[in-house]
Amino acid sequence: GGHLRSDDPELASLIDEETKRQSTTLQLIASENFTSLAVMEATASVLTNKYSEGYPGKRYYGGNQIIDKVETLAIERLKRLFNAPWANVQPHSGANANAAVYFALLKPQDTVLAMRLDQGGHLTHGSPVNFSGQLYNFVGYGVTDKGDGGETINFDNMYELALKHRPKLIVAGATAYPRVITVDRVREIADEVGAMVMFDAAHVAGLIAAGVYPNPLYTSSGGKGADVVTFTTHKTLRGPRGGAIVGHEEHGSVIDRALFPGFQGGPLENTIAAKAVAFLEALQPEFRLYQEQVVRNARAFADALERQGFRLVSGGTDTHLLLVDLQSFDPELSGKVAQEALDRAGITCNRNQIPGDPRSPFVTSGLRFGTAAMTTTGMEEEQMRQVAEFIATALRKREDESEVTRVRAEVEALCLKFPPPFLKK
Ligand code: PLP
């Protein structure tokens with residue numbers, strides 16, 4: 001015994017099936033990516049066996065001398081990557097990173113200003129079904145109306161709400177927003193009302209690390225931007241599933257204590273090691289080239305989708321992410337039906353509400369796409385145009401099973417030409 005295939009063939013074969021799915025269908029979910037084999041190796045290492053409650057040099061159990069070096073390496077690399085005075089690599093996820101910041105900086109019922117969920121905010125930005133909406137008094141700002149330069153963050157709305165509600169914290173950053181959010185105006189508004197700023201960079205952390213998106217820790221003139229920046233390590237940053245926090249020194253120790261012992265137990269040191277590997281990868285010059293290609297691919301994809309009759313929310317993208325309004329393509333077509341049709345064609349994405357969506361969050365009138373995973377496999381602009389065509393055909397011919405099957409075969413042929421890193425020799 002000792003190996004998955006012999007000890008647990010049932011589970012091993014499920015992993016085989018998922019390996020096949022990931023390598024023969026298109027991964028267009030904006031929050032996903034393919035890690036390197038090195039990241040997967042660290043994730044599956046002996047470090048999973050160790051308890052290390054506490055922080056480097058301050059552990060509650062023995063035997064942590066090597067673990068301390070691992071976690072310190074991750075912290076040091078992350079500080080370099082974000083030019084950050086302080087970093088914490090222990091959050092198990094992006095949601096936990098946000099929870100720790102709220103727990104550190106707020107008291108229950110405190111007022112927080114964040115992006116409305118139906119305009120692109122995340123569940124942890126005050127959804128009534130999430131702890132954040134139940135413990136704190138969230139007020140939501142939105143995006144501007146459609147039109148030239150429209151559907152971008154409405155800073156006037158943020159300012160008005162800040163004056164009216166005097167929040168203790170302003171949250172910037174989003175889960176379904178294709179444009180760059182500069183922190184300058186947020187900092188100004190926060191300073192005027194005496195609020196702190198948290199930037200949730202879950203989606204764009206990789207772009208920031210590569211310098212293709214402004215670092216929200218600093219304003220464009222180099223002053224203090226966000227007090228803290230939270231993010232996930234598994235999206236554009238291309239590391240293992242997990243979270244992290246960087247910030248200016250002043251809130252560091254209170255957030256460290258809020259995360260442990262306040263909110264989490266023992267850290268996942270195998271995951272922290274994998275984060276360290278991903279941070280090292282992100283410090284290399286090639287990572288910048290990769291992220292530049294991610295954005296070029298997103299722009300080419302947006303243009304190609306527009307030519308197929310889709311309207312892009314905000315008219316395009318500056319990032320890895322695209323939000324497509326299906327109403328212009330086919331007013332009858334909901335996000336739910338579109339997502340299911342694309343699934344049958346081997347194209348994996350998720351439905352998403354668009355600003356002012358007449359349909360419910362479960363049905364929606366939009367689709368969200370991202371180019372991070374496709375770009376990791378080596379796809380470029382030419383493939384983006386092909387994928388846009390697959391999407392348009394699969395949706396137009398969604399009632400015709402033979403057409404959908406034909407698209408699926410073409411999708412598979414494309415995927416076989418651009419295998420994920422785990423299949424590369
Ligand atoms: N914040 C934002 C903006 C996100 O998009 C996400 C993930 O979707 C999260 C937080 C939560 O991350 P996780 O799923 O790792 O808890």
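A short reminder: the numbers here are calculations on the coordinates, not readings from a lab. Predicted model only: the values in this text are computed from it and were never measured. No Cβ is skipped: glycine too gets one built from the backbone with ideal geometry, and neighbour counts run over all protein chains shown.
Observations on the model:
- Only one residue of T371, A298, A44 has its Cα farthest out toward the positive end of the dipole of the chain, where Lys and Arg carry +1 and Asp and Glu -1 on Cβ, and that residue is A44.
- Each residue of the stretch 403-415 is assigned a 3J(HN,Hα), and the resulting list reads 5, 4, 5, 5, 4, 4, 5, 5, 4, 5, 4, 5, 4 Hz, derived from the Karplus form 6.51 cos²θ - 1.76 cosθ + 1.60 (θ = phi - 60°), x at Gly and Pro.
- Shape of the chain, Cα gyration tensor, a/c cut at 1.5: oblate
- Listed residue (I170, G120, G142) projecting farthest to the positive dipole end of the stretch 95-174, Cβ model: I170
- Value of [θ]222 nm, deg cm²/dmol, for the chain, DSSP H segments ≥ 4, -39500 (n - 2.57) each, nearest 500: -13000 deg cm²/dmol
- Charged-residue dipole, Cβ positions (Lys, Arg, Asp, Glu), the stretch 133-220 about Cα centre, Debye nearest 20: 240 debye
- 5 angstrom amide H check on K224, placed H, neighbours 5+ away: T219
- Straight-distance crosslink candidates among lysines, where the alpha carbon sits under 18 Å from K235 and sequence neighbours closer than 8 are dropped: K275
- Between the stretch 352-374 and the stretch 149-182, the C-alpha centres lie 20 angstrom from each other.
- Listed pairs K107/K164; K146/K336; K168/K224; K20/K79; K50/K168 exceeding 27 Å between Cα atoms: K20/K79; K50/K168
- Among beta bridges that DSSP assigns inside the chain, antiparallel share in %, nearest 5: 60 percent
- Under the convention that each Lys and Arg Cβ holds +1 and each Asp and Glu Cβ holds -1, the size of the dipole of the stretch 315-425 around its Cα centre is about 360 debye.
- Sequence ranges 280-286, 13-19, 184-190, ranked by mean other-Cβ count within 10 angstrom, highest first: 184-190, 280-286, 13-19
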